[in-house]
Amino acid sequence: MSQTNPYAAPQAQVADISPASAEMENLRRQHLGHEASIKSVGLLYFLGGVLTSVSGIVILVMASDARTDEDYASSVFAMVLVIVGAATVLVGSGMRSLRGWAHKSGIGLAVLGLLAFPVGTLINAYVLWLLLSKKGRFVFAPGYAELVRVTPHVRYRTSIVAWILIAFVMLFVAWVMFFADASF
């Protein structure tokens with residue numbers, strides 16, 4: 001007769017399931033801020049593409065009601081907006097996933113965005129710096145995807161200062177939207 005306790009905790013050999021080494025974690029941590037910034041730009045591209053596509057669809061619906069040459073031009077413009085918006089959504093999604101093809105596409109969008117003087121020029125110059133820098137190229141390299149896969153526990157933490165600045169910006173935008181119109 002066996003002397004095993006049926007109520008005892010199971011005994012098993014537990015191997016280290018994390019293939020990440022300290023060197024891999026350190027490498028990921030060195031690039032984590034850049035990765036987070038690129039993913040944020042991807043989110044902005046995604047949201048901007050959605051707004052652009054929706055605007056194009058609204059213009060297209062409004063132009064389809066009347067049949068003039070002006071409305072034909074509006075329809076063409078609306079179709080261009082929908083196509084550009086859909087492409088921007090695709091690139092933003094690829095940047096959020098750190099896909100290699102999104103790197104070159106993001107550079108193309110940022111170069112076009114330089115034409116939106118003055119604010120768009122500043123923002124897209126920063127985006128170009130993010131994408132063309134050594135860290136930006138490394139983040140989009142094929143090996144980085146594997147690095148992300150083996151270090152899922154390494155996460156970017158936004159500082160409290162950044163959260164406070166975001167809150168102030170949001171409050172300012174809300175103030176402009178609701179109260180600035182009343183003062184004129």
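Data table
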quantity	calculated
The chain, accessible area per residue, ligands and nucleic acids excluded (1.4 Å, Å²)	73 Å²
Cut-off 12 Å between beta-carbons: net charge of the residues surrounding Val91, Lys and Arg +1, Asp and Glu -1	+3
Convex hull of the range 132-172 built on C-alpha atoms - directionally averaged projected area, nm²	4.5 nm²
Point-to-point label distance, Ala141-Trp175, nm (Cα→Cβ direction, 7 Å offset)	4.6 nm
Candidate residues Tyr45, Tyr72, Tyr7: accessible-area rank, largest first, probe 1.4 Å	Tyr7, Tyr72, Tyr45
Three-way shape call for the range 92-184 based on the alpha-carbon gyration tensor, with the a/c threshold at 1.5	oblate
Lys/Arg +1, Asp/Glu -1 at C-beta; the chain dipole; positive extreme among Ala162, Gly100, Leu27	Leu27
Computed P(r) (all Cα pairs; the chain; 5 Å bins; percent)	1, 7, 11, 12, 13, 13, 11, 9, 6, 5, 4, 3, 2, 2, 1, 1, 0, 0, 0, 0
Exposure rank, largest accessible area first [Glu146, Glu25, Glu35; 1.4 Å]	Glu146, Glu25, Glu35
Simple Cβ-charge dipole of the range 1-159, Lys/Arg +1 and Asp/Glu -1, about Cα centre, in debye nearest 20	580 debye
Relative contact order for the range 13-148, counting Cα pairs under 8 Å that sit 6 or more residues apart, in percent	28 percent
Cα gyration tensor, the range 98-145 - rounded (a/c under 1.5), prolate or oblate	prolate
Leading residue at positive end of dipole, the chain (Cβ point charges), from Thr88, Ala12, Gly113	Ala12
Fraction of accessible area attributable to carbon and sulfur, the chain (%, probe 1.4 Å)	69 percent
FRET efficiency, Lys134 to Phe168 (Cβ-Cβ, R0 35 Å, nearest 0.05)	0.60
The range 85-158: chymotrypsin sites (Phe, Trp or Tyr not before Pro) in DSSP loop, at most 14 other beta carbons within 10 Å	Tyr156
Full-stretch length increase - Tyr126, Val58 - with 0.36 nm per residue and alpha-carbon distance subtracted	21.3 nm
Value of [θ]222 nm, deg cm²/dmol, for the chain, DSSP H segments ≥ 4, -39500 (n - 2.57) each, nearest 500	-26000 deg cm²/dmol
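The values are calculated or read from the model by the stated rules, or taken from the named source; none is laboratory data. Fair warning: this is a prediction, and the values are worked out from it, not measured in the lab. We place every Cβ from the backbone using ideal geometry, glycine too, and count neighbours over all the protein chains shown. For the accessible areas, the whole protein counts, side chains as well, though only heavy atoms, and no ligand, DNA or RNA atoms are used. Shrake-Rupley method; radii C 1.70, N 1.55, O 1.52, S 1.80 Å.
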